[in-house]
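Let me begin by presenting the structure, written as structure tokens, before commenting on it.
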Amino acid sequence: PKPKEGAATEAIKLMFQFSSDEGVEPLVRGADDLSDFIIYSPENSALRSSEREGQIEPLGINGEGLIKFLTVLSQSKDPSSINAIKDSLHLFNWFHDIKINQRKTRSNISIYDQFLDRSQPYFDQRSANEGFLFVAFYLAIFVSRLTPKFFAIDNIDSSLNPKLCENLTRRMSHLAAEHEKQAIITTHNPATLDGLDLNDPDQRLFVISRGLDGQTRTRRFKRKPHEGGPTRLSELFLSGALGGLPKSF
């Protein structure tokens, strides 16, 4: 499928191969992983709908099919995928459980909040915080065998608070290793960078910028400076030390 065009998409295309001083270093583990490569860019309305379906299954590029997909995972004989999603959703301290309600025509989800009154401790996806649905979508991509082994997520920080961005990055790194996934993530939120461990060779940070003539440039940032003690990557980004920030203002 043809992905959405944009600066992030252009950057992702460039990062398939990274030119370093030592030569060209491939980023993709295997050529077969490119056959079902997808750039996901979820949208709030698509994530909430239990009726909209995308051209790509089981999950559309904008988040279509999330509710249906969670239903399929919950009915599977192997509960490992849905359990992994539930476990990771405890990134939200209010989250207790999620249950699927299947009807003849459509399904919906009941999200249980441990702080709500026990007489009605749940709400469905229509009332859910959009950040919760975004995170559920990302987790579903990472844990399922039905989604691509190699994919990209555009602007993963959308609708997420900074601390959640940091912890979600750590969780996704763990899930990627556990479920043999490889992902390219784009972000404008400095806190997302703090979830990276650049001492892990499987985690990499690339800085995307524009040249004087408007060309997109990709540079790998390998390690943090140690002078003066540890410095958070978010601080380096905001200070301009990483690059990738506009210089016109």
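With the condition being modelled with pLDDT under 90, I'd like the strands (runs of 3 or more DSSP E) fully within segment 156-237 carrying at least 2 qualifying residues. It would help to see each step written out before you state the result.
On the way: elements: 182-185, 205-210, 216-221.
It comes to 205-210, 216-221.
hydroxyl-bearing (Ser, Thr, Tyr), open to solvent by 50 Å² or more (accessible area, probe 1.4 Å) and touching a strand residue (DSSP E or B) at 6+ places or on another chain (Cβ under 8 Å): is that true of TYR122 in this structure? Yes, satisfied.
Filter segment 126-155 for residues that are in a loop (DSSP other than H, G, I, E, B) and among the aliphatic types (A, V, I, L, M); which is farthest from LYS68 (Cα to Cα)? Write out each step before concluding.
Initially, segment 126-155 is screened for residues in a loop (DSSP other than H, G, I, E, B), giving 126-129, 144-149, 154-155.
Cutting the leftovers down to among the aliphatic types (A, V, I, L, M) gives us 128, 146.
Numbers: ALA128: 16, LEU146: 13 Å.
Per the criteria, the residue is ALA128.
Among the listed residues PHE249, PHE151, identify the single one that is among the aromatic types (Phe, Trp, Tyr) and modelled with pLDDT under 85.
That would be PHE249, the only listed residue that is among the aromatic types (Phe, Trp, Tyr) and modelled with pLDDT under 85.
Scanning segment 158-191 for residues that are open to solvent by less than 30 Å² (accessible area, probe 1.4 Å), touching an Asp or Glu at 6+ places or on another chain (Cβ under 9 Å), free of Cβ contacts under 8 Å to residues at least 40 places away in the same chain and under 21 Å from PRO148 (Cβ atoms) returns THR169, ALA176. In segment 68-85, the residue that is farthest from LEU164 (Cα to Cα) out of those that are touching an Asp or Glu at 6+ places or on another chain (Cβ under 9 Å) and open to solvent by less than 50 Å² (accessible area, probe 1.4 Å) is PHE69.
Here is a yes/no grid of residues against (1) at pLDDT below 90; (2) open to solvent by 30 Å² or more (accessible area, probe 1.4 Å):
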site	(1), (2)
TYR40	no, no
ASN62	no, no
LEU66	no, no
ASN93	no, yes
ARG106	yes, yes
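Picking from residues in segment 238-249 that are under 19 Å from LEU198 (Cα atoms) and in a loop (DSSP other than H, G, I, E, B), the one that is least open to solvent (accessible area, probe 1.4 Å) is LEU242. As a summary of the residue check, GLU64 satisfies the conditions (1) touching a residue at least 40 places away in the same chain (Cβ under 8 Å); (2) out of contact with any strand residue (DSSP E or B) (no Cβ under 6 Å at 6 or more places or on another chain) except for the one numbered (1).
Checking segment 128-144 against the condition returns a match, with at least one residue being modelled with pLDDT under 95, of a type in the set (Ser, Thr, Tyr), in contact with a helix residue (DSSP H, G or I) (Cβ under 7 Å, 6 or more places away or on another chain) and open to solvent by less than 30 Å² (accessible area, probe 1.4 Å).
Do we find that SER119 is farther than 28 Å from LEU196 by Cα, among the small types (Gly, Ala, Ser) and in a strand (DSSP E or B) in this structure? Criteria not met by SER119. Do we have THR147 as among the polar types (S, T, N, Q) and closer than 27 Å to SER76 by Cα here? So THR147 fits the description; yes.
The values are calculated or read from the model by the stated rules, or taken from the named source; none is laboratory data. Computed from a predicted structure; not experimentally measured. With ideal geometry, Cβ positions are generated from the backbone for all residues, glycine too; neighbour counts draw on all protein chains shown. When the accessible area is computed, the model is the full protein with side chains, heavy atoms only, and any ligands, DNA or RNA have been set aside. Shrake-Rupley method; radii C 1.70, N 1.55, O 1.52, S 1.80 Å.
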